[in-house]
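Following: one structure in structure tokens, then a few remarks.
The values are calculated or read from the model by the stated rules, or taken from the named source; none is laboratory data. Model, not experiment: these values are computed from the prediction. With ideal geometry, Cβ positions are generated from the backbone for all residues, glycine too; neighbour counts draw on all protein chains shown. Side chains included, ligands, DNA and RNA excluded: accessible areas come from the protein's heavy atoms. Shrake-Rupley method; radii C 1.70, N 1.55, O 1.52, S 1.80 Å.
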2 protein chains.
Amino acid sequence: MDDVQGLWASCFVPISDYPRVLLAHGGGGRLMHQLIERLFVPAFGGQPEELHDGAVLEVGGARLAMTTDSFVVSPLFYPGGDIGSLAVYGTVNDLAMCGARPLYLSAGFVIEEGLEMATLEAVVQSMSRAAAAAGVRVVTGDTKVVDRGKGDGLYINTAGVGLVRPGVSISPQQLRAGDVVLLSGDVGRHGMAVLAKREGLAFESEIESDGAPLAAPVLALLDAGVRVHCLRDCTRGGVATALCELADSARLEIEIVEASVPVREDVQGACEILGFDPLYVANEGRFVACVATADEQRALDILRSCEVSAGAQRIGQVTAHASGIVTLRSRIGARRVVDMLSGEQLPRIC
Amino acid sequence: MDDVQGLWASCFVPISDYPRVLLAHGGGGRLMHQLIERLFVPAFGGQPEELHDGAVLEVGGARLAMTTDSFVVSPLFYPGGDIGSLAVYGTVNDLAMCGARPLYLSAGFVIEEGLEMATLEAVVQSMSRAAAAAGVRVVTGDTKVVDRGKGDGLYINTAGVGLVRPGVSISPQQLRAGDVVLLSGDVGRHGMAVLAKREGLAFESEIESDGAPLAAPVLALLDAGVRVHCLRDCTRGGVATALCELADSARLEIEIVEASVPVREDVQGACEILGFDPLYVANEGRFVACVATADEQRALDILRSCEVSAGAQRIGQVTAHASGIVTLRSRIGARRVVDMLSGEQLPRIC
């Protein structure tokens with residue numbers, strides 16, 4: 001009997017190390033990945049290595065990308081954006097990270113009873129402008145209202161579909177030793193903008209979210225024939241978590257150079273005051289592109305010619321080590337392992 | 001100046017007659033339609049007459065249906081179903097109502113901090129079984145966690161895509177005078193099952209939700225070449241609201257016969273005790289099909305051969321009147337107008 005129990009104990013992997021859901025389970029870090037790998041992937045029949053920003057599917061002869069995100073940002077409005085623009089760009093960008101041209105969005109609203117109609121209208125108008133900026137159409141939607149005290153004003157889900165051209169194959173499994181890692185611009189603005197607004201913090205200058213649609217630079221890279229092996233937007237968990245996910249999925253090591261990661265002075269200052277590492281702070285208009293070594297300069301030129309990725313930089317390289325980790329050379333020359341975000345850094349920033 | 005103000009007053013249509021969102025704005029009735037027509041349709045560039053359970057789109061040469069629904073049902077588990085199966089069937093059925101073969105779903109979870117992990121697991125397992133029953137795959141997802149007191153355990157959004165065959169065109173605009181209106185089975189079970197569980201009501205027999213996937217009977221009709229002009233599932237607002245939407249969109253009158261609408265005795269009894277009209281109570285496994293007169297018997301035979309629509313009945317007919325209303329011949333022979341649900345009958349039943 002003891003033996004049977006011992007066998008069970010060794011076979012049984014609990015879906016989480018926690019009996020209840022914590023805020024950190026939605027934080028984009030280790031606990032969320034645990035939930036995905038132990039609960040969602042087995043239930044829905046996927047393969048852990050398929051985990052990516054969206055799914056690429058064959059439908060009626062077309063190669064379709066499909067993705068979804070729910071948005072629960074608090075507050076609803078913050079410098080540089082609001083839940084409406086965020087809900088459009090977040091999903092459009094996940095499609096772009098599959099190498100797809102974003103085409104259509106759905107929008108599902110969960111509204112708390114008592115929300116001011118003018119607030120809802122402002123958010124919907126913002127979604128409308130963001131959809132126009134991103135070149136997509138919101139084609140279907142749904143509205144649910146929950147009782148007062150069972151929501152927080154407004155939550156929005158968007159799902160999106162886009163078209164992937166034949167021959168385009170972007171995933172962590174495409175990463176190759178020697179690939180250069182490019183970052184599309186400075187990091188940390190979205191998370192700090194939301195936090196500052198939520199907590200009523202005033203810094204020397206107002207930090208604006210970087211929220212923006214990212215399909216244009218991605219499609220420009222693909223149009224030019226740059227060998228793009230993998231893309232990832234640096235949202236929850238920041239650029240550090242995005243790279244950890246890629247290294248782990250690809251089972252290759254990624255080396256980055258801290259000094260090459262662009263961080264604006266005001267963001268750096270705010271992070272220092274509050275004890276955040278900008279590498280882990282969420283962005284909504286930044287992505288990493290891993291491209292073939294020989295295409296580095298051409299890729300950088302193309303990215304820098306697009307407004308949204310004008311500040312693109314090479315920040316590191318994929319190495320031949322099969323460690324699946326990310327290492328960072330610090331400003332003082334030391335090398336350390338970059339860990340995936342564990343716990344919750346900034347809840348409800350997207 | 002008075003003239004200008006008068007002009008403004010006559011031009012300005014407020015997005016709602018209410019300054020704040022009410023529960024009824026999510027109830028599937030008149031207020032929700034007002035919100036859709038005055039806010040969402042203008043903002044997202046659609047046409048009011050396009051309003052349907054989903055959008056049909058051309059993507060890469062394929063005819064795709066796309067739809068979304070958020071699910072906020074309370075309680076999470078009820079006789080005959082739970083939020084997980086509901087989230088799968090709800091979206092699969094909206095695709096079926098476009099005449100599409102449902103293929104892929106996305107799933108977005110908004111979890112309240114503190115939800116028991118075992119509850120989340122049970123819901124996800126239920127989604128997995130429902131997806132298998134409906135022949136679809138959940139291919140992409142998202143998890144967000146909100147602070148305690150800012151949710152109600154769990155909300156789920158699903159979006160779906162399906163494939164529409166060439167030549168299939170199902171919409172209210174296809175309705176023709178003379179079309180017969182078929183209903184796939186008895187009505188009122190889902191709403192009463194959820195309400196009874198929520199309020200702890202015990203009736204003589206336990207009423208189970210009718211939640212079920214509806215693509216099989218729809219595709220069987222299309223496969224057989226039945227001229228299906230329009231389909232609508234009878235969810236929020238019940239069969240009455242579904243028919244009102246069709247009549248209004250088509251600008252044709254629909255006449256139904258009360259005695260021909262199947263209602264189980266226990267549901268009828270519960271409705272009488274609680275003062276509900278079963279025509280307005282939500283279903284999750286029932287739909288109306290408007291088909292060409294000559295195809296009536298064939299359509300009924302096909303529907304009755306599918307388990308989920310074994311109780312199909314003809315309940316009425318589309319007339320040549322351009323009134324855009326629904327009329328009902330009652331059991332005592334009187335005719336009355338069937339109005340769209342106004343206000344909120346049963347909040348949070350889906």
Filter result (in a strand (DSSP E or B) and surrounded by fewer than 18 Cβ atoms within 10 Å (Cβ to Cβ)) within segment B:93-152: B:GLU116, B:ARG137
Do we find that A:ALA87 is outside any strand (DSSP E or B) and open to solvent by 10 Å² or more (accessible area, probe 1.4 Å) in this structure? no
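In the list A:GLY108, A:GLY61, which residue meets the criterion of being in the same structural domain as A:ARG137 (by TED's automatic domain parsing) and within 26 Å of A:LEU219 (Cα to Cα)?
On the way: A:GLY108 fails: within 26 Å of A:LEU219 (Cα to Cα).
Going through A:GLY108, A:GLY61 in turn, just one is in the same structural domain as A:ARG137 (by TED's automatic domain parsing) and within 26 Å of A:LEU219 (Cα to Cα): A:GLY61.
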Where residues in segment B:52-69 are of a type in the set (Asp, Glu) and more than 7 Å from every other protein chain (Cβ to nearest Cβ), which of them is least open to solvent (accessible area, probe 1.4 Å)? B:ASP53
Restricting to segment A:166-202, what's the tally of residues that are in a loop (DSSP other than H, G, I, E, B) and open to solvent by 50 Å² or more (accessible area, probe 1.4 Å)? 8
Do you know which residues across segment A:97-151 are β-branched (Val, Ile, Thr), more than 7 Å from chain B (Cβ to nearest Cβ) and more than 23 Å from B:ALA55 (Cα to Cα)? A:THR119
Taking segment A:64-84 and the residues there that are of a type in the set (S, T, N, Q) and in a strand (DSSP E or B), the one that is farthest from A:GLU116 (Cα to Cα) would be A:THR67
